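Worksheet: the structure to be examined is printed underneath.
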Amino acid sequence: MAWRVSGRRSLCVWITADRCGRCTPRGLSDELVAASQRNIFYKFLGVGEGPFDFLRRLDDLRGRPVDNAHFIEPEGVDAIGDQQFFDLLLEEYPQWLIDARNAGLIA
């Protein structure tokens, strides 16, 4: 992952990932810690058969000034209505907005 630094703190970036592809645990952990000082929020989805232990650990990763990640593993995703799924996607995001604003990451 890479991001371009700009002076725009009014823009929030929200990243939703459903699989990590070829990322390494150490590399992604380092990126997440570095990104916690930026205006970036990550939402990790565990859909289908796990294990999702790595994504759970990212959710509780230490060393971040602002908690910029959240993991969910919705059960029966096919049976979840759109509104309930949207609510799950937004879990922790409102708190991140408050924390990021208090940390000066967003205006």
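Since every read-out is calculated from the coordinates, none of them should be taken as a lab result. Owing to the predicted nature of the structure, the values given are computational and were not obtained by experimental measurement.
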Listed by chain and number, the residues whose amide H is under 5 Å from that of Phe71, excluding neighbours fewer than 5 places away on the same chain and using placed H, are Phe44
Quick shape check on segment 44-107: root eigenvalues a ≥ b ≥ c of the Cα gyration tensor, a/c under 1.5 is rounded, otherwise prolate if a/b tops b/c, else oblate, and it reads oblate
